[in-house]
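Worksheet for the structure shown next.
The values are calculated or read from the model by the stated rules, or taken from the named source; none is laboratory data. All figures in this text were calculated on a predicted structure; none of them were measured in a lab. Please note: Cβ atoms are built from the backbone with ideal geometry, for glycine as well, and neighbour counts cover all protein chains shown. Side chains included, ligands, DNA and RNA excluded: accessible areas come from the protein's heavy atoms. Shrake-Rupley method; radii C 1.70, N 1.55, O 1.52, S 1.80 Å.
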Amino acid sequence: MSVVTNDYEQSVTHLRGVLENNKMAPLQILVVMICFTLNMIDGMDVVLMSYTAPVLAQEWSIEPAVLGAVFSAALIGMTLGCLFIAPYADVIGRRKMILFAVTTIGAGMLFSGWSQSLPQLVAARVVTGLGVGAILASMATMTSEFATRERRNLCVSFLQAGYPIGAVATGFASAWLIPEFGWRVMFEISGVVTLLMVPVVYFFMPESPEFLLKRQPGNALDNINRILVKLKAAPLATLPAAPADSARTSVKKLFTDGRARPTLLLWGGVFFGFFTLYFIISWIPKIAVDAGLPLEQGIFAGAAYNLGSFTGSILLGWISVRFGLQKMIFTFFVLAAVTLMVFGNISMGVSMILLTAYILGVTLNGGFNGFWPTSARLYPTEIRATGVGWAVGAGRAGAVIGPFAGGYLLQSGAGLSTTFIVFTIPVVLAGLLTLLIKDSDFAN
């Protein structure tokens, strides 16, 4: 029997009740798993350059400074994608944005492998970064909007756990394939695997029903009811009139209706989190070697860190259901600060170095990934992708400054001890800023 209502709020309540208050249905689990797989592939696409860099530099006779520009190209693209492309998911839909972004990433990876000159490679990496930046917010938003209320934090955190798994798998695959087939084959394989997800998204991922209700594109009622039927819920007989401002989205809305304070707190937290996070990601192999790990085993420190990231992301989502997301982000970051001081100040054997790198991944990356469900919950549907995209994009300046600051400290003779103590400060600040976001600030 259909639900007949011309009241918009009643229709929203019906949709949210179906999605949020029952057990996770197969369709909801499918959406989360597709997003997890896409994020795992993103991990593969983003880190691949670091694994191919030594061979590429030797083959093309690239100086380290020039190679740094290649690394920065993807980061620039990701920042632009987060700030200026991702928000359009609030206009065209999350599903369409994901389709666009996956196609863009796949094409960028293939063109990276086919590049015959440095400018071509830089351009291909920018394109890849644009796609990655565009898709990040939509995946978090889609997962948040399809998850039940009880499992939302866990689902969004689980989504982020895909990234380190992709990064670790790529490292091992690169170690096997690059010496045998060269650096290009990894980009080509990555591009093909990414593009294979296009039909998966097209045929199996529905659009967010709440987005359809608010924006009401063509066939919105049929698409909403198709989802409701799969969830074994009563369909809507009619579409209510959409809100007057539902056709408009703007970054300014992130600062209206009392959202200015939590938005700035979120941006500050992401900035300081990125500051320490990217320092660790960029420097952990060298830091591990300086701390006593043999040079040929440096890759294992990165692998241990990424495995810790996977564990930490899921652990944070699981325990935050009981203890609260903001409190757990703060707790994880404080533990990360303690681990940083241990790593930089205590002489350890190889096993303890790897264990410490793993714990650092659990606490630092696990805590940082809590920003995704935080930003997804902070904003209403009509500006959710905009809010997530701008939080990541605005905070990404920390990802640029952090590695440079760490390199400067290490080069200036400050030493590991001082450097790690310095980097405990921003990570604790990130946790404190998160604590200042009130429960009443969240949209849902």
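The table below gives the values:
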| quantity | calculated |
| --- | --- |
| Karplus-derived HN-Hα couplings along region 116-128 (A = 6.51, B = -1.76, C = 1.60, θ = phi - 60°), whole Hz, x at Gly and Pro | 10, 8, 4, x, 5, 5, 4, 4, 5, 6, 4, 4, 4 |
| Residues in region 200-233 reached by a label modelled at Leu239 [backbone nitrogen below 14 Å; 7 Å Cα→Cβ] | 207-226 |
| Within region 1-61, GluC sites (Glu not before Pro) in DSSP loop having at most 16 other beta-carbon neighbours inside 10 Å | none |
| Estimated inter-spin distance, Leu195 and Gln411, nm [label 7 Å along Cα→Cβ] | 4.0 nm |
| Difference of contour (0.36 nm per residue) and Cα-Cα distance, Glu150 to Asn22 | 45.2 nm |
| Using a Förster distance of 30 Å, the FRET efficiency for Thr103-Val185 (Cβ separation, nearest 0.05) | 0.90 |
| Straight-distance crosslink candidates among lysines, where the alpha carbon sits under 19 Å from Lys23 and sequence neighbours closer than 8 are dropped | Lys230, Lys232 |
| Diffusion coefficient, µm² s⁻¹, Stokes-Einstein with Kirkwood Rh over alpha-carbon pairs of the chain at 4 °C and 1.567 mPa s | 58 µm²/s |
| Probe 1.4 Å, protein heavy atoms only - accessible area per residue of region 371-444 in square angstrom | 35 Å² |
| Contour excess over end-to-end distance, with Cα ends at Leu436 and Asp7 and 0.36 nm allotted per residue | 150.9 nm |
| Label-point gap, in nm, between Phe84 and Ala443 - each point 7 angstrom along Cα→Cβ | 2.4 nm |
| Estimated FRET transfer efficiency (Ile346, Val400; beta-carbon r; R0 25 Å; 0.05) | 0.25 |
| The chain - charge dipole about Cα centre, Lys and Arg +1 at Cβ, Asp and Glu -1, debye rounded to 20 | 900 debye |
| Overall Cα dimensions of region 108-226, principal axis frame, Å, largest first | 51, 31, 22 |
